[in-house]
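The values are calculated or read from the model by the stated rules, or taken from the named source; none is laboratory data. Computed from a predicted structure; not experimentally measured. Neighbour counts are summed over all protein chains in view; Cβ atoms, including those assigned to glycine, are modelled from backbone coordinates with ideal geometry.
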Amino acid sequence: MTIPIVTLKPGKEQSLNRFHPWIFSGAINFVSQELEEGELVRVVSSKQDFLAIGHYQIGSIAIRIVSFEDVAIDAAFWEKKLLEALNLRRALGLLGSEQTNVFRLIHGEGDGMPGLIVDFYNGTAVYQAHSVGMYHIRYELAELLKKLMGDSLIAVYDKSDKTLPFKADIQPENGYLLGSSGPGVVKEYGLSYHVDWIEGQKTGFFIDQRENRKLVEHFSKGRDVLNMFCYSGGFSFFAMQGGAKLVHSVDSSAKAIELTNQNVALNFKDDQRHEAFAADAFDFIRDMKNCYDLIILDPPAFAKHRGALRPALQAYKRLNAKAFEQIRSGGVLFTFSCSQVVSKDQF
Ligand code: SAH
């Protein structure tokens, strides 16, 4: 089967020569045939030189590159990519660890697989496709993961219904691609969490904050801690592990508060140091008195797109200014933004 050829406009090969993994729709000059969303295409320069192979998608990012080499994109190709990703996690001490069995197994562009996130939850892999191309090959990749991971992989759950582009003409339904498993308990640096990948936020858990939670443990000894936007409570029980005197967890979602209480109990049964409050962060921080000397602010993205930048910056300012005002002298503030459009300098 010959794959369609996409010819770029003159000069548009430059970013590919630097291995940038995306091609924007404006860079395309012409295509050899009508393209179907999610299919593989060969990308060539205006002089018809081979550049890369990628998944085509309708939208401003038109092609996500999977190979800069002219090779067959077959099972062996994907197996090699997955193996490299696994080897990296093994080298980092994550794969096979007794202490931490929750981590990101495949991280999109970082693992040469744009459009794909796979998170590992103590035997269950949660597959999240952000591109139609990666959605089409979900069963194939699940089988390959099983082949590579053997008994350490029990199930692969596809959770792509909210992450696929809305223009795509597919009706994704979440479900197991392989095996099955219920909500489970995972470990991060020896502490435990209940994780529900089916009902929970994102793929079930905010894995990206692992090292920061560990850092909070380090700073918590003897401190009174406020964990704002706590979700499943990780920062709270790392603070408790670190010897905090008192820990308050706040989230506007009652479900998150329930989860936090469950997780605290899982790690520190009947420990009176912790209390959780279902409340709006802005109200809570306005009304609290200066009773904390370690505050964590980990809100959801206030700006999900450029248009929301100004009000988002205002909200970050209000929130952080209040925390500066209210934190005790000598206190430590952990503050985060996950808004892609907010630069580090602006923050
Ligand atoms: N710190 C968490 C992740 C936070 S995710 C962790 O380590 O896992 C952001 C959380 O903020 C969500 O649980 C969401 O329910 C909560 N949230 C969103 N808006 C809020 C508000 N105005 N006040 C309090 N919590 C809010």
Would you confirm whether any residue within segment 176-188 is away from the ligand (no atom under 16 Å from the Cβ) and of a type in the set (D, E)?
no
Looking at this structure, is E258 outside any helix (DSSP H, G or I) and acidic (D, E)?
no
Got a number for residues in segment 301-310 being surrounded by 11 or more Cβ atoms within 10 Å (Cβ to Cβ) and farther than 25 Å from V225 by Cα?
5
Return yes when F302 is closer than 25 Å to F347 by Cα, aromatic (F, W, Y) and over 27 Å from the mean Cα position of the chain (by Cα) and no when it is not.
no
So which pairs qualify, if the first residue must be in segment 141-155 and at negative phi, the second must be among the aromatic types (F, W, Y) and not in a helix (DSSP H, G or I), the Cβ gap must be under 7 Å, and the two must be at least 6 apart or on different chains?
A142/Y127; A155/Y176
Within segment 189-210, identify whether any single residue is modelled with pLDDT of 95 or more, assigned to a helix (DSSP H, G or I) and within 14 Å of the ligand (Cβ to nearest atom), and answer yes or no.
yes
For segment 272-295, give me each residue that is part of a strand (DSSP E or B), more than 12 Å from the ligand (Cβ to nearest atom) and closer than 20 Å to E258 by Cα.
H274, E275
Taking only segment 71-86 into account, find how many residues are touching a residue at least 24 places away in the same chain (Cβ under 8 Å) and of a type outside the set (A, V, I, L, M, F, W, C).
3
Can R18 be described as over 21 Å from the mean Cα position of the chain (by Cα) and buried (at least 17 other Cβ atoms within 10 Å of the Cβ)?
no
Could you tell me how many of the residues in segment 216-240 are assigned to a helix (DSSP H, G or I), near the ligand (Cβ under 10 Å from one of its atoms) and touching an Asp or Glu at 6+ places or on another chain (Cβ under 8 Å)?
3
R138: of a type in the set (K, R) and within 20 Å of F205 (Cα to Cα), yes or no?
no
Is segment 180-190 home to any residue that is of a type in the set (G, A, S), in contact with a Phe, Trp or Tyr (Cβ under 9 Å, 6 or more places away or on another chain), within 21 Å of P300 (Cβ to Cβ) and crowded, with 17+ Cβ neighbours inside 10 Å?
no
Among (1) outside any loop (DSSP other than H, G, I, E, B); (2) more than 16 Å from the ligand (Cβ to nearest atom), there is one condition R213 misses while meeting the rest; what is its number?
(2)
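Results for (1) outside the structural domain of Y139 (by TED's automatic domain parsing); (2) over 30 Å from K146 (Cβ atoms), shown as yes or no for each residue.
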| residue | (1), (2) |
| --- | --- |
| T163 | no, no |
| T203 | yes, no |
| G234 | yes, no |
| S249 | yes, yes |
| A265 | yes, yes |
Here is a check on your reading of the model: is D298 away from the ligand (no atom under 13 Å from the Cβ), in contact (Cβ under 8 Å) with a residue 40 or more places away in the chain, surrounded by 18 or more Cβ atoms within 10 Å (Cβ to Cβ) and of a type in the set (D, E)?
no
Tell me, which residue of segment 241-257 that is buried (at least 16 other Cβ atoms within 10 Å of the Cβ), within 25 Å of the chain's Cα centre (by Cα) and of a type in the set (A, V, I, L, M) is farthest from the ligand (Cβ to nearest atom)?
I257
Please go through segment 258-273 and give me each residue that is over 20 Å from V195 (Cα atoms) and either touching a helix residue (DSSP H, G or I) at 6+ places or on another chain (Cβ under 7 Å) or buried (at least 17 other Cβ atoms within 10 Å of the Cβ) (or both), ordered by number.
D271, R273
Look through segment 122-151, keep the residues that are of a type outside the set (A, V, I, L, M) and in contact with a Ser or Thr (Cβ under 8 Å, 6 or more places away or on another chain), and return whichever of them is nearest to P183 (Cα to Cα).
T124
Could you grab me the full set of residues in segment 138-179 that are surrounded by 19 or more Cβ atoms within 10 Å (Cβ to Cβ), hydrophobic (A, V, I, L, M, F, W, C) and in a loop (DSSP other than H, G, I, E, B)?
L153, L164
